[in-house]
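The values are calculated or read from the model by the stated rules, or taken from the named source; none is laboratory data. Every value quoted in this text rests on a predicted model; they were computed, and no experiment measured them. Heads up, the Cβs are rebuilt from the backbone with ideal geometry, glycines too, and the neighbour counts pull from every protein chain shown.
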Amino acid sequence: MKRHLISAADLSRADAVLILDTAEELASLADRPIKKLPTLRGRTVVNLFYEDSTRTRISFEAAAKRLSADVINFSAKGSSVAKGESLKDTALTLEAMGADAVVIRHGASGAAHRLAEWVQGSVLNAGDGTHEHPTQALLDAFTIRRRLRGTGPSGARGAGLDGLRVTIVGDVLHSRVARSNVLLLSTLGAEVTLAAPPTLLPLAVGSWPCAVSYDLDSELAKSDVVMMLRVQQERMTAAYFPSVREYSRRYGLDAARMARLPGHAIVMHPGPMNRGVEIAAEVADSVRSTIVEQVANGVTTRMAVLYLLLGGMEFPATGVAQ
Amino acid sequence: MTDHDSWLIKGVTIPGGGEQGREEQTSILLTGESVAAVGPDLDHPGARILDAGGLIALPGLVDLHTHLREPGREDAETVETGTAAAALGGYTAVHAMANTDPVADTAGVVEQVWRLGRAAGHCDVQPVGAVTVGLAGARLAELGTMADSAARVRLFSDDGRCVSDPLLMRRALEYVKAFDGVIAQHAQDPRLTEGAQLNEGEMSARLGLAGWPAVAEEAIIARDCLLAAHVSSALHVCHVSTAGSAEIIRWAKSKGWPVTAEVTPHHLLLTDELAAGYDPVFKVNPPLRTKADVTELRRALADGTIDCVATDHAPHPVEAKETEWAEAAFGMTGLETALRVVHRAMVDTGLLDWAGVADRMSVRPARIGRLTGHGTPLTAGAPGHLTLYDPAAPAEAVTPAGASKSRNTPFAGMELPGRVVATFLRGVPTVLDGKLA
């Protein structure tokens, strides 16, 4: 694996499967009374968050702490960043403090890429603008594999997502989750279809490794996975669609649409949800929904990524390969 | 007696010079401020000799589009440093854009810039006046007063911003007819490019950067061509960057409309794929486009649809570029590399010969800028502005450190052919042996 995780495109199929398999090993920890491993003792992980994202930050924080790393939370509010320090100067400061890994969430696309040029440690992209969010894609892939390909050593170990049909619905244009998922899920062998109004798809989407549809209804019956994207408040008034109600009518996942999915199909959402806009409450709370599971899997998957990127010592319980 | 005011440049080739276009080694004698004679067997006792064997002589280059940053951003560039960079690039005249602080929208500011240029002495500085007060796009600046000032402004531009209001654009075009003025438009529909960061296409989609669509440039150019035709006044299109823009300008010219256009060196060589590493040194407005655009821009420059090369030299301090892409300033330096880039993009590709380069980088830009005394073929009696260039110099990697105060060249590390050996302004060398004289 590379030293950094900035784009899902950085991961080969073997890398991605290794992360999922490692996460599977780590998942067994969650059932133990003591959840902590000594693997990253003495290592420092900095959470550098320029955007409010409590869920992603605590997920990374929990992951690092369960591996016994020292965690420093550095948020734009209340730090020198708010006083106008440049990303480069912040990077040099973290470097001087000896960060082994920097987890960065930033509003500008490419911020993680830039940071990686200025620090020695590993950089983990926790979402950069409208570019990518690769650990979200990994946790989504992990969730899909567990649900549809089984868990544990007897189940999905070593497997990709070959042949699974994943439909990603909504604001692809501005979605870092969609970009990372298209790349990662196709690397793992899934057939990805993007379903969205044309205004919310990049013009050049034809060059992506996926299919495109403007009609959600025609995709439902053949989908193993439907992944709903959040509609950001600022899109609702910028002529991307006529009204929230029309968007919901055409691209929202309600109970009637859910009923047309195959029996085994699952419904995903990276959160936070707009209930009643892209997803109806009865769908979000149904047995098909993996939304809560995704949160739990997020911690496990991020542990796997930190473990592999920081080249931790051999995993003591089960001996995950280096 | 030595005649320190005279130079005899021996063994030089003048592209397009000579009888029936025969290009032979010849000599150029500069005395006083002018070319005294051109011929193979010149002698002038006491003149300083410059052995120019293997070099070509071009009429001094003229840039229609330079940001000298003074007044206001002397941390990025000054008239002194910018014109030194220009001389090193072979330029004898530059047009200084109006987006300074304060904006060059009054006679006072344009005269200040003009005087700073005279004092620096590296090349002539012709100020460009703003079209609208403060570049705000709301009301016309005092165009006539700037035209009548000591700076004799003829080219007006809100460059950096588009005069997007069609009525204001029409009035500006119409008004400057009274003094043979030209409106140089930065063609960018503001609504179609809100927050735009990179050419809208495969790269912007992949990198998650807000797209700057070609149509935002082309729609304004089409509108402005129609306006220029309607009021019969001169439109100049700045930094044309798309294949579609070239097509529209070709169409306008085929109608005989008074439209001219420029292309930058970077748009002739670089594509948006360079943004892959998010290094803002490749962030520029209009943005780098695709390979197909580059191909069409070269063709349009070769066939004369695009009249000239203009650098859009846009210096920025380090901190404006050492940042996230979206935070970074738009712009690239270009004066010191322009001729070498054109060499590679146009001459090495066989699209333009050196006489064509002289036309596109000196003769035509001087004509568009109404700059008398520049862009004159090198014959007896011509002003003593010339550039000596070694087209056979082996390709060398570009170093960002030059005379410009800023280092934001997108060509750093790139191997480019050729070398500017000397530049003469009014018969006096500003550059000798590739260094400031």
Unmet requirement for B:V431, which otherwise passes all of (1) over 20 Å from B:V309 (Cα atoms); (2) in a loop (DSSP other than H, G, I, E, B); (3) not acidic (D, E): (2)
Can you tell which of B:L29, B:L68 is of a type in the set (A, V, I, L, M, F, W, C), free of Cβ contacts under 8 Å to residues at least 24 places away in the same chain, more than 20 Å from B:G434 (Cβ to Cβ) and surrounded by 20 or more Cβ atoms within 10 Å (Cβ to Cβ)? B:L29
Of all residues in the stretch B:411-424 being buried (at least 18 other Cβ atoms within 10 Å of the Cβ) and out of contact with any His (no Cβ under 6 Å at 6 or more places or on another chain), which is nearest to B:Y278 (Cα to Cα)? B:F411
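Taking the stretch A:281-295, which residues are over 15 Å from A:E61 (Cβ atoms) and under 17 Å from the mean Cα position of the chain (by Cα)?
Selection gives A:S289, A:T290, A:I291, A:V292, A:E293, A:Q294.
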Where in the stretch A:43-153 are there helices (runs of 4 or more DSSP H), lying wholly inside it, with at least 2 residues that are not assigned by TED's automatic domain parsing to the domain that holds A:L20? A:134-149
Among strands (runs of 3 or more DSSP E) lying entirely in the stretch B:1-92, which contain 2 or more residues that are farther than 30 Å from B:R161 by Cβ and among the hydroxyl-bearing types (S, T, Y)? B:3-13, B:25-31
Would you please list the contacts, defined by Cβ atoms under 9 Å and residues six or more apart or on different chains, that run from a residue in the stretch A:1-24 that is more than 14 Å from A:L309 (Cβ to Cβ) to a residue that is among the β-branched types (V, I, T) and crowded, with 23+ Cβ neighbours inside 10 Å? A:A8/A:V182; A:L20/A:T301; A:E24/A:T300
Give me the residue from the stretch A:35-47 that is out of contact with any helix residue (DSSP H, G or I) (no Cβ under 7 Å at 6 or more places or on another chain) and surrounded by 17 or more Cβ atoms within 10 Å (Cβ to Cβ) and, out of that set, farthest from A:G110 (Cα to Cα). A:R43
Residue under evaluation A:R250, criteria (1) within 24 Å of A:A141 (Cβ to Cβ); (2) in contact with a Pro (Cβ under 9 Å, 6 or more places away or on another chain), criterion not met: (1)
Find all pairs meeting these conditions: Cβ atoms under 8 angstrom apart; at least six residues apart or on different chains; first residue within the stretch A:206-227 and within 14 Å of chain B (Cβ to nearest Cβ); second residue loosely packed, with under 13 Cβ neighbours inside 10 Å. A:V212/A:G206
Name the single residue that is farthest from B:L88 (Cα to Cα) among those in the stretch B:105-137 being touching a strand residue (DSSP E or B) at 6+ places or on another chain (Cβ under 6 Å) and not β-branched (V, I, T). B:G129
The stretch A:113-132 - residue that is closer than 13 Å to A:D10 by Cα and at the interface with chain B (Cβ under 10 Å from one of its Cβ atoms) and, of those, surrounded by the fewest Cβ atoms within 10 Å (Cβ to Cβ): A:H113
Are there any pairs, at least 6 apart or on different chains, whose C-beta atoms fall under 6 Å, with the first in the stretch B:319-335 and within 13 Å of B:S406 (Cβ to Cβ) and the second part of a strand (DSSP E or B), and if so, which? B:T333/B:H313; B:G334/B:H313; B:L335/B:H313
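Does the stretch B:368-377 include one or more residues that are within 14 Å of chain A (Cβ to nearest Cβ), within 21 Å of B:H67 (Cβ to Cβ) and surrounded by fewer than 21 Cβ atoms within 10 Å (Cβ to Cβ)?
Checked against the condition, which is being within 14 Å of chain A (Cβ to nearest Cβ), within 21 Å of B:H67 (Cβ to Cβ) and surrounded by fewer than 21 Cβ atoms within 10 Å (Cβ to Cβ), the stretch B:368-377 yields no hits at all.
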Within the group B:M146, B:M203, B:M169, which residue is within 14 Å of chain A (Cβ to nearest Cβ) and either crowded, with 17+ Cβ neighbours inside 10 Å or not in a helix (DSSP H, G or I) (or both)? B:M203
Taking the options B:E327, B:E319, name whichever one is assigned to a helix (DSSP H, G or I) and either in the same structural domain as B:R154 (by TED's automatic domain parsing) or at pLDDT 95 or above (or both). B:E319
Can you work out which of the residues in the stretch B:206-231 that are aliphatic (A, V, I, L, M) and either over 29 Å from B:P258 (Cα atoms) or not in a helix (DSSP H, G or I) (or both) is farthest from the other protein chains (Cβ to nearest Cβ)? B:A210
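Name the one entry in B:G195, B:G160, B:G137 that is part of a loop (DSSP other than H, G, I, E, B), within 14 Å of chain A (Cβ to nearest Cβ), surrounded by fewer than 23 Cβ atoms within 10 Å (Cβ to Cβ) and not aliphatic (A, V, I, L, M).
Details: B:G160 fails: within 14 Å of chain A (Cβ to nearest Cβ); B:G137 fails: within 14 Å of chain A (Cβ to nearest Cβ).
Only one candidate qualifies: B:G195.
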What do you reckon, is B:G277 over 24 Å from the mean Cα position of the chain (by Cα), over 30 Å from B:G60 (Cβ atoms), touching a residue at least 12 places away in the same chain (Cβ under 8 Å) and within 14 Å of chain A (Cβ to nearest Cβ)? no
